[in-house]
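In what follows, a single structure is set out as structure tokens and then discussed.
The values are calculated or read from the model by the stated rules, or taken from the named source; none is laboratory data. This one's a predicted model, so the numbers in the text were calculated from it and none came from an experiment. Here the Cβ is made from the backbone with ideal geometry for all residues, glycine too, and neighbour counts use every protein chain on show.
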Amino acid sequence: MANKKAVLDPSSTHVLRPPAEDVFRHELDALVASDKGYRPPQWRLSPGAVRTYLMGGTLADGTIISAKYIGQPRIIEAAIATLLTDRALLLLGVPGTAKTWVAEHLAAAISGNSTRLIQGTSGLAEESLRYSWNYARLLQDGPVQEALVPSPVYHAMEQGAIIRVEELTRIPSDVQDSLITILSEKILPVPELNTRVQALPGFNLIATANDRDRGINDLSSALRRRFNTVVMPMPSSLKEEVQIVQDRVRADFLHTMKEEIPLPVREIERLVTVFRELRQGRTEDQQEKLKRPSATLSAAEAISVINQGLAMSLYFGDGTLSAHDLAPGIRQAVIKDPAADTEIWQEYRDTVMKGRKEWADLYEACRLEF
Amino acid sequence: MNLSSDLRIFGIRHHGPGSARRLLEALHHWKPDCILIECPADGQAALDLIGDPGLVPPLALLIYSPQRPGNAAHLPFARFSPEWLAARYATSRKVPVIAMDLPWGIQDQLPDQIPGQRRKDPFAIVATHMGYTDTERWWEYYFEQVHGDEDLFPAIAGLMSEIRNEMDDADDPELQMREAWMRRTMREYQARGYQRIAVVCGAYHVPGLNLKDFDAVTDQALVQQVAAFPTASTWVPWTYHNLATQSGYGAGVLSPAWYDLLFEHRDRTTIHWMTRTAQLLRSKDHTVPPASVPASVEMAEALATLRNMHQPGFVELEEAALATMAHGDLSWLEVIRDKNLIGDRMGKVPDTIPQTPLQEDFHTTVRSARLKRALETPEKVLLDLDLRKKTNALASILLHRLILLNLPWGVLRSAGDRVKGSFRERWTLQWKKLFGMRLLEAGLWGLTLPEAAHRYTIHRAEETVDMAPVSQWLRECLSADLPHTSARLAQILMARVAESVDILDLMKTLTPLVYVTQYGERKPAVQEELLTLIDRLMIRIRVGLASSLLGLSDEQAMEMPGRIRQLTVDMQLLKDQEEKKNIFQILVNAIESDGIHPYLGGALARFLLEEGIWTSDQFVRHLREQLQGEPDMMKASSWCSGLLTGSEALLLHQPDLWQAIDAWVAAIPEASFTTVLPILRRTFTGYSVGSKRQIAILIKQRRGAGSTRISEPFILEDAFRDTVLPVLHRWIFPSKV
């Protein structure tokens, strides 16, 4: 095979990762044009069209809408239905279950803007959720509207739009609770100016939180009941998960390359099989019980292992993704806690992998890794 | 024929709450003077009793043949079943209600359709066409959740005509014959001079009952082809669970509780469902604030809108409750789903209703086994049976069969076993009201006790995952004189033995089998198969035992020693010395490994000593290894607990053991003492008072008097307590006697 020293195509995109509403502008425009359903106030699309945008389909005018979420439609329907009600939406799940991805696309479809975003961290201050001050102006003019620096939440309320909060449970509890008034009363008081922001219809909040870290700063029960919780499941079948990994590898990695690089279908399938089997503690044919390592082994991790392997093969190998490019990534992903996971991994490798004839190359590659 | 008579056909869906409301409205409006319902004509006798206020649905109309045991039809009715409401309406208006379908005595003789050749479900065709994968849901959305609009009847009739045109029914002789019989009944009641005849039937039959399209003479010839065998009919109580799981005539429904709600609360289903769900969740100790209920209703409605439905269905309700009340935790809803979807409503039948065949069989058998007095006594009755006597053997078989039917009227004393090699069984009998209800329900499985016991046991065996209960039932079947059942159970076990990975289950399965093959009085007809099965079990156990001894939880570790003892007893019975040696080798290896649970390690050490596998020296060496140095306190005390639980003699008569334990206890640092104490205390509480006293004395002797103070526990021996205390009590409180 010709040595494909592929390099990043400098003309492909201007920024590393443009927001969803830019990438899928033509799909959104086509949906707006063909949408005959009832649109709630400030919504750019009817709820039915939002579902089509997320789940994919073909419009009457022939425009093909790509599937943003591969999985059960009921998850997306529950999310959309929540945004139609008074309550905010909490997407809960283990890492790599497309929480952020779904939140971004929902915001893009509903408000046409997915960039109103607050990243939850343990250092987040209340001002980031409400508003802060331009101190130079504050000192010069005193507390006036012009000296106020609005937060993304403030903006979303004013415009009747969707605001996203990533990793809600990482935010300290007392700061989290400042959302209660915003979500229940739909107002944001500004006592310094003796005014308040009243949210327009269409304002709502999509938060994501990690199942595994749930205990970090668990929501207070008062805040919890302002949210409807939708749990994002792990992909239910091998086929579904392989599809997800393929789509994302194509979109995230291969598209940035100048040359046409074939999708490593077989390697993706084997990798996803390994991850699923270890994650579920059972072989795909349900015949054998396995020990489960502590790692999450989600589809997102499979994607990064593939991308890493592809990069290795492109820059250091012959351009074809081989078992040897994959093996270090698999090992790294599976063994998170060396004391406990190493044995589990070796047992899997020496029983399940070894037993599969067509996996001989992968088994050999993994055996060399130690 | 009376041409002025008016006849209307109401196509319904069996157990459809929407159909039921629609039908009731139509009947009230039109006031028929005769109602024909789709029910086999030989069920008329039971149908005539429907006005009895003691009959509370869910019920099943039972048609059976006294001459052909094993054949019976159950027609279930819920309070939301259209036929039930139509029949109750008729009795309240004093107009006749007639069972118009082909008698079951004929239907049962017609050849069954072979499943593979079954016609495609006609409704499924339309449902698929309209984008539904599930026919039930399609019908529910279009015809059951809508308001009771009478105008829908002609619409349904029209739809059915279209569907019937697409279907080729000519190859379905049963359908042809049933509809011919129904038409004949309709003509008959016209001829009798009724003016307004309401015909209530499954929607699919509507086009087939259009009298204009069929010839009376041909119909007559068709139904006379087969003669009905004699049948009888009665009512039996039914449950929503039966309704949800049984199929057959008039079929069941997947979600009775949900239909019940749809029927009772019409437009406000969503609110009622959510309120009930919140209550059920709270009953399971979940916090569900009242404000969550309206939020759930709102979300369910939003979901219904998104899915183009006029009202949320069960799926939407559950998804909404999941997001709003259960915080996305599906297990919350799974626990209550049974109650929410199926429900636990049970029907009632008054004493005035004729007995079911199974009840009759039961009472006949009770009489011939001379147990009638025992049945009528509310107190406990002690019964000693000599199985060589005919009536006694009969009684024994009856009681064992009842146990298989989950009706433990009699309980075997002396640890549930027959005294080995004797022909005696000692029972304690006490009839409970609950058993009457269970007997009625058991009628579902057969018309006679052996038949019902056979079918029910096979059903349970097929549903159960574990093998051990099946093996227990097999043993029971031999005592209950059900050779066919035990043969089938042996087959089931044989099929499972290869799959099972649970060694404890395999060991539990082995014991009853060993019993029946080695000294059951009635040698099983399947002796050879059982011996093969035992062989297979032994292999599986031997192969899996080593790994199953490691990595056990506390509970498993407590259970294991008893199982292993039993296993060696079983092998002793099988006279399989070779295998026994293998097993002991596995135990010896396991006890030295690190992964073994200390409790199990202790118990095994004692076992090896008792069985003579270990010499006293070997045992003591092992003991020292476990306790000397600075062992982990929890581990060491758990080990001691395993070693000493239930083995007082060992401690008292093995001076080496005594010393080692004594030295270890004395050396426990004060800080760890409180952690270790509960485990040790648990170990010794099982000992008899005598042993405890002896231990105390031993301690006193070896430690020297004065260094330890021993308070003698004030515990009365059982015998003393039972005889002396009542006398003392009477003596002190004479007035209260």
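Pairs meeting the criteria (first residue in the stretch B:266-291 and assigned by TED's automatic domain parsing to the domain that holds B:Asp329, second residue among the aromatic types (Phe, Trp, Tyr), beta carbons under 9 Å, at least 6 apart or on different chains) are B:Thr269/B:Trp258; B:Trp273/B:Trp258; B:Trp273/B:Phe314; B:Leu281/B:Trp332; B:Lys284/B:Trp332; B:His286/B:Trp332. Within the stretch B:279-303, the set of residues being among the aliphatic types (A, V, I, L, M), part of a helix (DSSP H, G or I) and within 7 Å of chain A (Cβ to nearest Cβ) comprises B:Ala295, B:Met299, B:Ala302, B:Leu303.
Of the helices (runs of 4 or more DSSP H) that lie entirely inside the stretch B:304-409, those containing 1 or more residues that are under 27 Å from B:His454 (Cβ atoms) and in contact with a helix residue (DSSP H, G or I) (Cβ under 8 Å, 6 or more places away or on another chain) span B:357-368, B:372-376, B:390-404.
Let's see how each residue does on (1) within 14 Å of chain B (Cβ to nearest Cβ); (2) part of a helix (DSSP H, G or I):
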residue: A:Gly202; (1), (2): no, no
residue: A:Leu205; (1), (2): no, no
residue: A:Thr208; (1), (2): yes, no
residue: A:Asn217; (1), (2): no, no
residue: A:Thr229; (1), (2): yes, no
residue: A:Lys239; (1), (2): no, yes
residue: A:Gln243; (1), (2): no, yes
residue: A:Glu259; (1), (2): no, no
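Within the stretch B:630-643, is even one residue under 42 Å from the mean Cα position of the chain (by Cα), of a type in the set (Lys, Arg) and in a helix (DSSP H, G or I)? Yes, the stretch B:630-643 contains a residue that is under 42 Å from the mean Cα position of the chain (by Cα), of a type in the set (Lys, Arg) and in a helix (DSSP H, G or I). Of the residues making up the stretch A:68-79, those that are of a type outside the set (D, E, K, R) and in contact with a helix residue (DSSP H, G or I) (Cβ under 6 Å, 6 or more places away or on another chain) are A:Tyr69, A:Ile70, A:Pro73, A:Ile76, A:Ala78. Of everything in the stretch B:579-624, what is closer than 16 Å to B:Trp639 by Cα and touching a Phe, Trp or Tyr at 6+ places or on another chain (Cβ under 6 Å)? Give them in sequence order. Correct list: B:Pro598, B:Gly601, B:Gly602, B:Leu608, B:Leu609.
Filtering A:Ile261, A:Ile216, A:Ile306, A:Ile244 for residues that are touching a Gly at 6+ places or on another chain (Cβ under 9 Å), modelled with pLDDT under 85 and β-branched (Val, Ile, Thr) leaves a single hit, A:Ile261. Only one entry in B:Ala99, B:Ala87 is touching a residue at least 24 places away in the same chain (Cβ under 8 Å), under 21 Å from B:Pro237 (Cβ atoms), assigned to a strand (DSSP E or B) and among the aliphatic types (A, V, I, L, M), namely B:Ala99.
Of the helices (runs of 4 or more DSSP H) contained entirely in the stretch A:105-189, those carrying at least 1 residues that are buried (at least 22 other Cβ atoms within 10 Å of the Cβ) fall at A:126-129, A:152-159, A:173-176, A:179-184. Taking the stretch B:172-249 and the helices (runs of 4 or more DSSP H) fully enclosed by it, the elements with 3 or more residues that are surrounded by fewer than 17 Cβ atoms within 10 Å (Cβ to Cβ) and out of contact with any strand residue (DSSP E or B) (no Cβ under 7 Å at 6 or more places or on another chain) are at B:173-191, B:216-223. Taken residue by residue, the stretch B:327-342 has no member that is at pLDDT 90 or above, within 12 Å of chain A (Cβ to nearest Cβ) and under 19 Å from B:Ser255 (Cβ atoms).
You will find that of B:Gly313, B:Gly208, the residue that is in contact (Cβ under 8 Å) with a residue 12 or more places away in the chain, out of contact with any His (no Cβ under 7 Å at 6 or more places or on another chain) and within 14 Å of chain A (Cβ to nearest Cβ) is B:Gly313 and no other. For residues that are of a type in the set (Lys, Arg) and over 30 Å from the mean Cα position of the chain (by Cα), scanning just the stretch A:326-362, find the one that is surrounded by the most Cβ atoms within 10 Å (Cβ to Cβ). By that ranking, first place goes to A:Arg349. Among the residues of the stretch A:68-88 satisfying the criterion of being within 11 Å of another protein chain (Cβ to nearest Cβ) and assigned to a loop (DSSP other than H, G, I, E, B), which is modelled with the lowest pLDDT? Per the criteria, the residue is A:Asp86.
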